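In what follows, a structure is listed as structure tokens, so that the remarks can point back to it.
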Amino acid sequence: MNKTITETGELNRSGSFIRMMIVYFVICLIGLAVMITSINVLMKEHDKKLTGKICDLVAEKMNNSIKYMTTSAQNMSAMLTAQKHRDLQALYDEFADLEGDGYVSMGLIDDSGKVYASDQQLAEFEKWHLIDTAHQAAPVSISSPYRSGLTGEPVITLFADMKYGAGKKGWLFLTYPLKEIQNMASTETLADETEIWLMDTESNNVIQCSGGDEHGSGSWANAMLIFERNIDKRDVGKYSEWMQSMKNGERSAGVVYRIGSIRYSQVYADINFMHGWNVVVRIPSSAMSSTMEKFRGVVILYILTLLFSTTVLFVLTHRRDAADREILKNLSIHDPLTDVMNRRALDVAAHNYFQNTLKPDCAVLFIDVDYFKLVNDRYGHDAGDKVLVEFAALLKELFGDIGLISRYGGDEFLVFIKNADKLKIESKVSDLKRRVHDIKPITRKEGDDYSISCSCGGALCPHDARDFVKLKACADRALYRVKNLGRDDYGWYDGKKSSEEK
């Protein structure tokens, strides 16, 4: 990989722009092929997710409808309790012939289990064991759907507990047509091809709420006949797992299976107020694939547009290559004279260290060449440059293995040391103080014994400061103190001494 990168760089520098563009186009075409393949795979998942959203919406609407029914039953039972009736037969006779809000019949049950209802309802109480459901009311219970002998349609019965007489417990019941709930399953989304069912997890019985056959609404069948017959053998295992997850009471799940040439997406969601019953939504892939196909077309168009735009950008960038290289050169991290880091580069490195280190442990050294202006005035700027170059080389020799070195100003250098060892730093500073005298402003001997010295001030993190800006300020104060005491020495920041000097 490194060789390829190097060769690519050489090609760029030698102007082999065409070869670079060929490589770019090949990579983009491969990426486009991978993208299209991925979209085709995601289209299958898309069907399942869209079906799940529809299923959740239907379940929410059904739950709201049932909640409205239970609230009505509770309000009515509360009103009867407040009236403190003693004779339930007389009370039933009063409202037996009333037409209610959506319900087909209503009645009462006393504390002994006697049911006050029509003969047909009494027969259904015995046939469907509805008295057991009444005893489960806390304060409301709902029966499983059953086919009413009175209307011939599927119904559910709601029970709400109440008080009568001298604190006796009884129940009010209201029988609603299941159509009140089924109507909530209607949706405009893929309405003609979306099949919505209510399914009993214990018996696998299903009741159709909506589908392609509008006359089939309310029909009652077994899931084996509706869903499992003719499923592709390759999908039987997945379908069985889906059924088991529903029986286990797990959160809504989906499955994709095939019947003949049609792929179906099927999802269930539980109904909060009807224990053991779930909403099941099934949609053929043909009803949804057109949406994803349009999306795939948009993605391909976007990628081709992006490819064209990038090509134009590459051409323009290539034409400005010389100017860009000049800009990058100006942003170099090294000082052109001394070949150590420049101030900007070191500041960035230090700030990154503080931002990315939980417990920073470091040191900052400010080092000045003493009386550097005299060197320039006495020997000239070339001699001054020679001093800076040799001084920087000495800093790299002593501190290069433990820290970052930067020319921070004219004759001012900064050394940033991570994992600072104070004793080790002092040893290196002592070597610097001793060896800096060997640097001479001029190379030829003229009887001039002028030698260079330096002053150094240091600060430690976290002892003196906990961020880079404050740490530099502490090191600068330490340097200032060394200069005031005569230069050619080093010292650490001491907050107390610095305050006294002020």
Scanning region 145-179 for residues that are within 21 Å of residue 206 (Cβ to Cβ), in contact (Cβ under 8 Å) with a residue 24 or more places away in the chain and open to solvent by less than 50 Å² (accessible area, probe 1.4 Å) gives 145, 148, 154, 155, 156, 157, 176, 177, 178
Filtering region 346-366 down to residues that are surrounded by fewer than 18 Cβ atoms within 10 Å (Cβ to Cβ), in a helix (DSSP H, G or I) and either out of contact with any strand residue (DSSP E or B) (no Cβ under 7 Å at 6 or more places or on another chain) or without any contact (Cβ under 8 Å) to a residue 60 or more places away in the chain (or both) yields 348, 351, 352, 354, 355, 356
Of (1) open to solvent by 10 Å² or more (accessible area, probe 1.4 Å); (2) assigned to a strand (DSSP E or B), residue 417 satisfies every one except (1)
Q) Can you spot a residue in region 59-72 that is over 27 Å from residue 209 (Cα atoms), modelled with pLDDT of 80 or more and open to solvent by less than 60 Å² (accessible area, probe 1.4 Å)? A) no
Of the residues in region 96-134 that are in contact with a strand residue (DSSP E or B) (Cβ under 7 Å, 6 or more places away or on another chain) and without any contact (Cβ under 8 Å) to a residue 12 or more places away in the chain, the one that is surrounded by the most Cβ atoms within 10 Å (Cβ to Cβ) is 125
Exception for residue 391 within (1) in contact (Cβ under 8 Å) with a residue 60 or more places away in the chain; (2) more than 30 Å from residue 450 (Cβ to Cβ) falls at (2)
Under 21 Å from residue 78 (Cβ atoms) and in contact with a strand residue (DSSP E or B) (Cβ under 7 Å, 6 or more places away or on another chain): is that true of residue 159 in this structure?
yes
A careful count of residues in region 141-176 that are closer than 16 Å to residue 130 by Cβ and assigned to a strand (DSSP E or B) gives 19
**OP:** Assess whether residue 406 counts as being more than 49 Å from the chain's Cα centre (by Cα) and at pLDDT 90 or above.
**Re:** no
Scanning region 367-409 for residues that are part of a loop (DSSP other than H, G, I, E, B) and of a type in the set (D, E, K, R), the one nearest to residue 468 (Cα to Cα) turns out to be 401
Residue count, region 83-116, condition β-branched (Val, Ile, Thr) and either modelled with pLDDT of 90 or more or not in a loop (DSSP other than H, G, I, E, B) (or both), comes to 2
Cβ pairs under 6 Å, 6+ apart or interchain, first in region 263-276 and closer than 15 Å to residue 136 by Cα, second open to solvent by less than 10 Å² (accessible area, probe 1.4 Å), ordered by first then second residue, are 273/66
Among the residues of region 407-418, is there at least one that is free of Cβ contacts under 8 Å to residues at least 24 places away in the same chain and not aliphatic (A, V, I, L, M)?
no
Among residues of region 463-491 being aromatic (Phe, Trp, Tyr) and open to solvent by 10 Å² or more (accessible area, probe 1.4 Å), the residue farthest from residue 343 (Cα to Cα) is 490
Scanning region 38-58 for residues that are surrounded by 17 or more Cβ atoms within 10 Å (Cβ to Cβ) and of a type in the set (D, E, K, R), the one nearest to residue 300 (Cα to Cα) turns out to be 47
Quiz item: Can you find even one residue in region 220-235 that is at pLDDT 85 or above, open to solvent by 70 Å² or more (accessible area, probe 1.4 Å), out of contact with any strand residue (DSSP E or B) (no Cβ under 6 Å at 6 or more places or on another chain) and farther than 17 Å from residue 284 by Cβ?
Solution: yes
Open item on the list: Quick check on region 345-366. Is at least one of its residues over 17 Å from residue 470 (Cα atoms), among the charged types (D, E, K, R) and within 57 Å of the chain's Cα centre (by Cα)?
Closed with: no
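The values are calculated or read from the model by the stated rules, or taken from the named source; none is laboratory data. No experiment lies behind these values; they were computed from the predicted model shown. As a convention, Cβ positions derive from the backbone with ideal geometry for all residues, glycine included, and neighbour counts pool all protein chains shown. These accessible areas exclude ligands, DNA and RNA; they are computed on the full protein's heavy atoms, side chains included. Shrake-Rupley method; radii C 1.70, N 1.55, O 1.52, S 1.80 Å.
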